[in-house]
Amino acid sequence: EYIRSYYYNKLEYTRFSSSVGKYVGFTEYGVKNAAAWNNNPSILSRAKAQKEAYCLHSIQIDYNNMLTKSG
């Protein structure tokens, strides 16, 4: 799962979660940002692509490391 969180003064105001597939706001400011970002297809598709670029690329490396170190 890919998660990207945005914080201000140690308070999370917006988060993208690949399991949800969209941005979710936790404060008034975050809800406004999430609504704007979710309505912009280029921002939303870029966030969804990060799962494939980061998570799916690294999972094989992590899986191979677990297999060689288990015993």
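The values are calculated or read from the model by the stated rules, or taken from the named source; none is laboratory data. For clarity, every value in this text was computed on a predicted model and none was experimentally measured. Positions of Cβ are generated from backbone atoms using ideal geometry, with glycine treated the same way; all protein chains shown enter the neighbour counts. Note: accessible area is taken over every heavy atom of the protein model, side chains too, but ligands, DNA and RNA are not part of it. Shrake-Rupley method; radii C 1.70, N 1.55, O 1.52, S 1.80 Å.
Residues of the stretch 1-37 being aliphatic (A, V, I, L, M) and closer than 18 Å to Ala49 by Cα, which ones?
Listed by number, the residues that qualify are Ile3, Val20, Val24, Ala34.
Name the residues in the stretch 9-43 that are aliphatic (A, V, I, L, M) and at pLDDT 95 or above, would you?
Correct list: Leu11, Val24, Val31, Ala34, Ala35, Ala36.
Report the residue count in the stretch 16-33 for those that are open to solvent by 80 Å² or more (accessible area, probe 1.4 Å) and under 13 Å from Ala47 (Cα atoms).
3
In the stretch 34-61, what residues are without any contact (Cβ under 8 Å) to a residue 12 or more places away in the chain, open to solvent by 80 Å² or more (accessible area, probe 1.4 Å) and under 16 Å from the mean Cα position of the chain (by Cα)?
Scanning the stretch 34-61 gives Pro41, Arg46, Glu52, Leu56, His57, Ile59.
So if I check each of Tyr7, Tyr23, which one is of a type outside the set (Gly, Ala, Ser), within 28 Å of Ile59 (Cβ to Cβ) and in contact with a Lys or Arg (Cβ under 8 Å, 6 or more places away or on another chain)?
None of the other options fit; the residue is Tyr23.
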